[in-house]
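A quick write-up on the structure given underneath.
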Amino acid sequence: MTTHDEPVYEKHGVLHYAVANIPGAVARTSTIALTNVTLPYIEALAGKGFAQAISEDEGLRRRLASRCDHLSRLLD
C-alpha cells in the first residue's frame, strides 16, 4: 500500500499507484467509470441468460472465476 505523500512505487519496471480509497475522492466519476465497464456484461447476462452469455462472450467467460463450486481457470 502507498500513501498520499508517496503514492507511487515501482516493481519489475512498472510504476504502480495504489493509494487506498482514491475512488471515494471522486465518487461520481468513479461510479460512472465502473458502470461503463460493467454494464455491457450485466446487459448480456440479463438479455441472454447465463449459459448463452458465457458461451458467446469470451471476455465474460475469461472473467468467470468459479462455476458449480469449481474453479473455472487458474487465477493469476
* Any pair with Cβ under 6 angstrom, 6 or more apart, that starts in the range 16-42 at a residue that is under 16 Å from GLY59 (Cα atoms) and ends at one that is surrounded by 10 or more Cβ atoms within 10 Å (Cβ to Cβ) -> TYR41/LEU60
* To do: Quickly run through the range 14-28 and pick out the residues that are closer than 15 Å to THR3 by Cβ, surrounded by 10 or more Cβ atoms within 10 Å (Cβ to Cβ) and not small (Gly, Ala, Ser).
  => HIS16, VAL19, ILE22
* Looking only at the range 36-76, count how many residues are surrounded by 11 or more Cβ atoms within 10 Å (Cβ to Cβ), of a type in the set (Ser, Thr, Tyr) and modelled with pLDDT of 85 or more. => 2
* Inspect all residues belonging to the range 17-35 and state whether any of them is of a type in the set (D, E, K, R) and at pLDDT below 80. => no
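The values are calculated or read from the model by the stated rules, or taken from the named source; none is laboratory data. Since the structure is predicted, the reported quantities are computational estimates derived from the model, not experimental observations. Every residue, glycine as well, gets a Cβ built from its backbone with ideal geometry; the counts of neighbours run over all protein chains shown.
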